[in-house]
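What follows is a single structure, written as structure tokens, with notes after it.
The values are calculated or read from the model by the stated rules, or taken from the named source; none is laboratory data. All of these numbers come straight from a predicted model, not from anything done at the bench. In this analysis, Cβ positions are derived from the backbone assuming ideal geometry, glycine residues included, and neighbour counts consider all displayed protein chains.
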Amino acid sequence: MLVKAGTVIKADCLKALTAVADNSIDLIYLDPPFFSQREHSLTKRDGSESYRFSDNWQSMAEYINFLKARIALCKIKLKPTGSLFLHCDRSASHYIKVMLDEIFNSENFQSEIIWSYRRWSNSKKGLLSNHQSIFFYSKTADFKFNQIFEDYSPSTNVDQIMQLRVRDERNKTVYRKDNNGDSVLAKEKKGVPLGDVWDIPYLNPKAKERVSYPTQKPVLLLEKIISLVTSPGDIVLDPFCGSGTTLVAAKLLGRKYVGFDISAEAVKLSEERLANPVKSTSKLLEKGRESYRKNNPEVESAVKSIGGVPVQRSKGIDGFLTTKSGMVPFKVVFKLEDLKSSAQLITQSSAKNKFQQKALLAKFQMKNSEVKKVESEFQLIVFTDLKELSEKLRR
Ligand SMILES: C[S@@+](CC[C@H](N)C(=O)[O-])C[C@H]1O[C@@H](n2cnc3c(N)ncnc32)[C@H](O)[C@@H]1O
């Protein structure tokens, strides 16, 4: 290879790619501008640095031709066992897929990976866009692939996991029985082979690895791609490396790496990140989405019974109700002896968020005097009757 592994080069990748030896790269991941038709810019939280790149094009044809020239070169640089992953979104994904089929041949199309994540909506008309696509092509049919297994879903029954299954004469899947009619245990099962929808959180504003580069991708996403098609010591190339996420993930996994970017600031930032590679862990991935639910399903069903929207990550607020005067947070209480502490909790949480109104929903009979006392002491509206609550509060 003419370009040395372990380097980040400031250049148009079209030019830089010509200096890479043919058939020398194991994985190329590209995260080019997406045809968003805008300038991307972001300033570091301390205001010390600002990063930008342009994603404005005359036409789709101009954009696709830009990519095509670079991806055609990428293919030449891949080893026969190598693969290319191209990251894009709905702005141009369908045009890109057709172009990739032409360059790689559709039989080398392996997968369209959907990177899915949750995010907050603005209330624009239409569906909230919460995924991006990554097209996976191999150079040849003889590509390197490391099967990754995931845990069984909670709804998988134990028989499916433990027992050997075979196809019957009608090609239906059935459990194998031995001569005595007993079930036969399966040999070792490793879990479910990794699918093509990946639920990986978007980097949150406080994530350790966040460097304020516009459209920065999570290291966890790149680690998954790299682990899938390379081994330690293999070489990974990112022609649009931006803040260097791919290179950091490659380094953390013991792969060699090369990065190109047309922006000098991006190259400097990549080098800084590589000197001190950091990866944020995801509590959500480690513990699962369900772990964010409050343990008490009774609370959740009470919230839903009055048409409220449940809130999971607050000690003081169990849900919100939409009312004539806006959103009213409320807390559910089940026992008289919890009344005071619950009132304290919702008062604290609401003060932090400066809510005008707040309510307690007491799921037990209370004397009028008790209601009045909590109401005045904590400036709360207390409801003991669901019907009354809906009538008073809801639109
Ligand atoms: C979407 S960003 C990449 C973000 C990166 N994956 C990350 O996690 O930080 C696209 C990058 O492509 C770079 N770029 C645009 N045109 C280029 C070109 N012709 N050659 C190399 N880099 C280019 C931009 O400077 C920008 O950093």
Considering only region 65-82, state which residues are away from the ligand (no atom under 12 Å from the Cβ) and among the charged types (D, E, K, R). K68, K75, K77, K79
Subset of region 247-278, residues near the ligand (Cβ under 10 Å from one of its atoms) and in a helix (DSSP H, G or I), comes to L247, V248, A249, A264, E265, A266, V267, L269, S270, R273
Per the filter on region 142-166, residues assigned to a strand (DSSP E or B) and modelled with pLDDT of 85 or more are F149
Search region 45-64 for residues being surrounded by fewer than 14 Cβ atoms within 10 Å (Cβ to Cβ) and at pLDDT below 95, and hand back the single one that is nearest to the chain's Cα centre (by Cα). R45
In region 17-37, anything more than 12 Å from the ligand (Cβ to nearest atom) and over 24 Å from R255 (Cα atoms) is listed as Q37
Being near the ligand (Cβ under 9 Å from one of its atoms), under 26 Å from H40 (Cβ atoms), charged (D, E, K, R) and buried (at least 16 other Cβ atoms within 10 Å of the Cβ): is that true of E223 here? no
Residue in region 65-78 that is surrounded by fewer than 16 Cβ atoms within 10 Å (Cβ to Cβ) and assigned to a loop (DSSP other than H, G, I, E, B) present: no
Can you name the residue in region 194-220 that is in a loop (DSSP other than H, G, I, E, B) and of a type in the set (D, E) and is also farthest from the ligand (Cβ to nearest atom) among such residues? D196
For region 2-16, enumerate the residues that are away from the ligand (no atom under 14 Å from the Cβ) and either farther than 11 Å from V258 by Cα or assigned to a helix (DSSP H, G or I) (or both). L2
Going through region 50-64 in order, the residues found to be more than 14 Å from the ligand (Cβ to nearest atom) and part of a loop (DSSP other than H, G, I, E, B) are Q58, S59
List the pairs whose first member sits in region 223-246 and is in a strand (DSSP E or B) and at pLDDT 95 or above, whose second member is within 11 Å of the ligand (Cβ to nearest atom) and not aliphatic (A, V, I, L, M), and whose Cβ atoms are under 6 Å apart, counting only residues at least 6 apart or on separate chains? D238/Y29; D238/T246; D238/G259
List the number of the failed condition for V192; all other conditions in (1) surrounded by fewer than 16 Cβ atoms within 10 Å (Cβ to Cβ); (2) at pLDDT 85 or above; (3) β-branched (V, I, T) hold. (2)
When the residues of region 226-246 are narrowed to those that are over 19 Å from the mean Cα position of the chain (by Cα) and of a type in the set (V, I, T), which ends up nearest to the ligand (Cβ to nearest atom)? V236
